Amino acid sequence: MHDKCGQMDVNKMKLYTFDVAPNPRRLKLFLAYKGIELETIAVDLGKKEQLAEGYLAINPAGTVPTLLLDDGSVLTDVIACCFYLESQYPDKPLFGRTDMERARVLGWVHKIFVQGLMAVAEMVRNQGDFFKNRALPGPRDLEQIPALVERGKLRLGDFYALLESQLQGGDYLLGDSLSMADIDAMVVVDFAAWVKESIPADHALTQAWYERVKVELGCL
Ligand SMILES: N[C@@H](CCC(=O)N[C@@H](CS)C(=O)NCC(=O)O)C(=O)O
């Protein structure tokens, strides 16, 4: 829907999501920080609602979140949803203020997804009954590979080392202000708690950063 000035009314969007899962949580924290309210429809992953025919017709990948725009466009990746919403709601920027800052935030968001979130996902999904035959998200059944739990743990250790090293440069991952990179990295730390992993005790900069970001995002 467009208003009289031809602007798209972004509040007519619908968000399909399941707040406790890590990717939806990235988006939830982004929305909360920026004060964006959207109509939200819960897709219960515990009940495998993401695999229901009706939902797959909207997002064939069978993942959450999915952002459905008023014109029928669909965005199925957190980074795409956030990047789009940032352009519609520029206040309290989470992707920097200049082209170079935007590029740096995107680079870190990518790194955190691949090296952090995927490392923990390897650990979470390749053990236990809940993810039996569901080792990757989406409609395809895939067997667990227990060796990936150990590999995920090693990768997570490298990820924590990366955070500690980056935080030598400032209070936040990209200098002196909060960005999407901080939200994503905090979500990875909390996701790792699902498999009883935490920030190593000797990573003082990361410990302090985690507490700071939690307060700033109202996650107490
Ligand atoms: N490409 C998506 C990935 C989203 C994703 O993997 N979401 C998980 C929840 S964290 C999911 O929907 N899992 C469904 C399943 O396990 O079948 C994004 O970046 O947002």
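The values are calculated or read from the model by the stated rules, or taken from the named source; none is laboratory data. A quick note: this is a predicted structure, and the numbers were derived from the prediction, not measured. Heads up, the Cβs are rebuilt from the backbone with ideal geometry, glycines too, and the neighbour counts pull from every protein chain shown. The protein model used for the area step is the full one, side chains on, heavy atoms only, and it has no ligands, DNA or RNA in it. Shrake-Rupley method; radii C 1.70, N 1.55, O 1.52, S 1.80 Å.
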Alpha-carbon gyration tensor eigenvalues x 5, square-rooted, for segment 10-88, Å: 19, 14, 10
Rounded accessible area of C219 (nearest 10 Å², 1.4 Å probe): 30
DSSP beta bridges in the chain [antiparallel fraction, %, rounded to 5]: 60
Loop-resident sites, segment 103-204, for trypsin sites (Lys or Arg not before Pro), counting at most 10 other Cβ within 10 Å (DSSP): R140, K196
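If packing is taken as the mean number of other Cβ atoms within 10 Å per residue, what is the order of 60-69, 22-31, highest first? Can you show the working numbers first?
Values: 60-69: 20.0, 22-31: 22.3.
Ranking the peptides 60-69, 22-31 by packing returns 22-31, 60-69.
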Kirkwood hydrodynamic radius over Cα pairs of the chain, then Stokes diffusion coefficient at 37 °C and 0.692 mPa s, in µm²/s: 179
Whole-Hz ³J(HN,Hα) from phi, Karplus 6.51 cos²θ - 1.76 cosθ + 1.60, for segment 58-69, glycine and proline x: 8, 9, x, 6, x, 10, 10, x, 10, 10, 9, 8
Inter-label distance, nm, simple model (7 Å from Cα along the C-beta direction), I58/E39: 1.0
Segment 92-220 - convex hull of alpha carbons, volume per residue in Å³: 121
DSSP-assigned coil residues among GluC sites (Glu not before Pro) in segment 115-150, each with at most 13 further Cβ atoms within 10 Å: E143
Share antiparallel - DSSP beta bridges, segment 10-88, percent rounded to 5: 55
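For D190, D129, D77, give the ranking by accessible area with the largest first, probe 1.4 Å.
D129, D77, D190
Suppose R0 equals 30 Å. What FRET efficiency, 1/(1 + (r/R0)^6) with r the Cβ-Cβ distance, do A193 and Q168 give to the nearest 0.05?
Taking R0 as 30 Å, the efficiency between A193 and Q168 is 0.75.
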